[in-house]
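Structure first, then comments.
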């Protein structure tokens with residue numbers, strides 16, 4: 001797929017061009033999806049008491065919320081290739097808002113498990129976010145665009161840890177009991193998702209040139225029926241599966257920490273819910289800039305050393321991430337816990353940005369399929385790592401489980417050296433970058449930020 005008119009700059013405060021409207025709507029939609037996806041996480045101590053379930057059952061519901069996204073990310077990638085990111089995101093947001101608003105109807109472990117599994121589908125929003133910015137921005141800045149929109153979206157994970165306890169407290173003053181408080185608190189992110197679906201439909205378009213339907217009618221884009229063939233083509237590429245594992249070793253670990261941190265601080269350090277949520281939120285707040293750094297340096301390495309440079313940067317970030325997680329697991333004092341958590345967060349989120357500075361160049365014909373498969377790897381990695389935290393199964397305390405997870409991540413980083421590109425692909429990307437800088441009929445907006 002060769003889309004014309006891609007933006008070569010990120011004009012941060014410009015909302016008039018299709019690429020920048022897509023930029024802002026994608027990160028905002030993904031940000032709010034995190035509220036729905038992990039909104040209940042900071043309140044799990046209350047939910048545990050209310051529903052009379054065990055900590056291991058809580059871990060299982062976390063796994064269900066993440067695991068259900070694996071299949072959905074595969075489907076949504078194929079759907080983007082077929083109907084375009086605008087309609088895919090609109091429907092995902094609208095349908096995903098329903099279980100978020102209704103999770104408060106849960107009255108036992110089984111119904112809570114099923115609700116969290118259903119809610120997990122909105123985690124596929126990440127794939128559309130990366131797809132939409134990939135078709136809107138040129139090679140010289142696509143890594144930065146992908147990393148920033150995903151990073152600001154992931155920021156929702158940290159903000160959720162801080163804000164949902166406040167929403168819960170507000171609901172508590174109205175309804176009077178914790179049993180009703182957490183249930184009504186979850187209505188807020190559900191309504192926000194529904195309103196965002198409406199905004200996405202009216203304020204975005206599929207590509208800089210228009211919708212997929214218009215481009216196909218003009219003969220500029222392949223027929224959507226070929227999406228299945230493109231998906232199979234992506235499945236046969238070993239590099240896609242290497243990135244699948246590598247993304248599991250970074251985004252999968254972020255999901256793990258998002259779902260475990262508040263409860264970890266509560267159970268192992270005796271913190272109350274608000275304090276635990278505040279400290280856990282620091283991990284997600286690093287997304288404000290850390291994932292962007294991963295994409296920025298992915299683009300810089302790519303400009304200087306080509307696609308192989310992007311891969312080398314990916315190795316560096318994941319290797320350091322694994323070491324940082326092992327360090328975090330050994331901290332016993334609260335100040336050290338906070339410091340190492342932030343240090344670890346820097347590398348895990350840079351790794352994510354570095355991964356998706358590589359993804360757009362694997363197979364342009366199957367961009368949605370590649371983005372979906374690699375994105376699903378993040379959830380698969382989260383589910384796999386969560387098994388280490390089931391004490392009834394492994395007998396491991398959580399600090400030990402975190403240490404072993406860090407060691408596995410460090411080993412996985414070496415898989416990045418298997419992601420290689422042909423000289424023809426390297427040349428094609430350089431030529432595409434040069435074409436993107438050919439002056440357009442209208443001047444581009446002034447650069448505000450990149």
How about the range 169-200: which of its residues are over 16 Å from residue 37 (Cα atoms), within 25 Å of the chain's Cα centre (by Cα) and surrounded by 19 or more Cβ atoms within 10 Å (Cβ to Cβ)?
200
Enumerate the pairs (first residue in the range 5-31 and without any contact (Cβ under 8 Å) to a residue 12 or more places away in the chain; second residue anywhere and in a loop (DSSP other than H, G, I, E, B) and surrounded by fewer than 19 Cβ atoms within 10 Å (Cβ to Cβ)) with beta-carbon separation below 8 Å, excluding pairs fewer than 6 apart on the same chain, so at least 6 apart or on different chains.
24/15
Going through the range 170-179 one residue at a time, which ones are free of Cβ contacts under 8 Å to residues at least 40 places away in the same chain and assigned to a helix (DSSP H, G or I)?
170, 171, 172, 173, 174, 175
Taking only the range 90-113 into account, find how many residues are within 18 Å of residue 48 (Cβ to Cβ), part of a helix (DSSP H, G or I) and in contact with a helix residue (DSSP H, G or I) (Cβ under 8 Å, 6 or more places away or on another chain).
7
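Rule-based calculations on the coordinates, nothing more; no lab input. Keep in mind that what you see is a predicted model, and the values were worked out from it rather than measured. Counting neighbours? That spans all protein chains shown, and the Cβs are built from the backbone with ideal geometry, glycine included.
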